[in-house]
1. In square nanometres, what is one fourth of the surface area of the convex hull spanned by the alpha carbons of the chain?
2. Computed FRET efficiency, Cβ-Cβ of residue 46 and residue 5, R0 25 Å: what is it to the nearest 0.05?
3. What's the center-to-center distance, using Cα atoms, between region 99-124 and region 185-254 in Å?
4. Å³ per residue of the Cα convex hull, for region 76-135?
5. At 0.36 nm per residue, minus the direct Cα-Cα distance, what do residue 38 and residue 13 gain on full extension? Give it in nm, one decimal, please.
6. If I stretch the segment between residue 231 and residue 165 completely, what's the gain in nm (0.36 nm per residue apart, minus their alpha carbon distance), one decimal?
7. Identify the residues of region 218-256 with backbone N under 19 Å of a label point that sits 7 angstrom from the Cα of residue 65 along the Cα-to-Cβ direction, or state none.
Amino acid sequence: MADIRHVRSGGSRYRLRHRTYLWLVDLDRLPDLPRPLRSLARFDARDHFGGGAPSIRAGLDAFLAARGAGLPPGSRVLMLAHARVLGHVFNPLTVYWCRGPDGSLRQVVAEVHNTYGERHCYLLPPETARGDRGERGDLSERGDRGDLEVSPVAKEFYVSPFLAVEGAYRMRLPEPGEHLALTVRLAGGTDGARLTATVRGDRRPAGARGLLRAALRRPWSTAAVSVGIRFHGVRLWLRGQPVRPRPIHVPQEGLK
């Protein structure tokens, strides 16, 4: 299970918390579930990158190749994402850890989706994954020493209607061990807004029993994510938070 928290500060303050579950899978060995359970967890190529590749791994390879960062044969990729549940999926953030044949981390890819059906990927250096595998931490608005080691990444994609496409992210995305501990911080916009998002969780084996348990505890989890985002958006709007115009989205090379 995963605990997702967002804290917005600077100008206006807002907090939200959401409980859900995510999958950590090998892109070359996606789960093979019993047929009656497949509607509760499907991994479709149409839900990632350009959507037209024969597999998610092929979509990732096309994105990396377009940036001269293709992976050699024998590489391994782990993906953290929501699966499609009862025909619906929404992944605000999907993370890919790409390791070469020798096991070394080559790069990290952060794939971001917005509620308008648009996608954007950030190709990140291995330093993004710096941190202890399985570290746990509390949500902080001030940052920590680990953030100082992560280079900022310019924001290039419209995600929230209440945040302009400006500023820079600092992402700490260590590959999960027994625990999951991701942190994304956004700052530097002209409105002074700062956003800190964390994902914390404990690793559990999947399989039929684990999936049924998770589905019973969090029924139709992906729809709950979509509804929750819109619910909090309405709350911010009712509080008088100004809406930023959405620019025309031009798909990246490798995502068309």
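1. It is 13.5 nm².
2. Efficiency for this residue pair is about 0.25.
3. Answer, in whole Å: 17.
4. With only Cα atoms used, region 76-135 gives 107 Å³ per residue.
5. Stretched out fully, the residue 38 to residue 13 stretch lengthens by 5.0 nm.
6. 21.6 nm
7. 252-256
Laboratory data are not the source of any read-out in this text; all were calculated from the coordinates shown. Given the structure is predicted, the values throughout are model-derived calculations rather than measurements. Don't worry about glycine lacking a Cβ; one is built from the backbone with ideal geometry, like all the others, and counts go over all protein chains shown.
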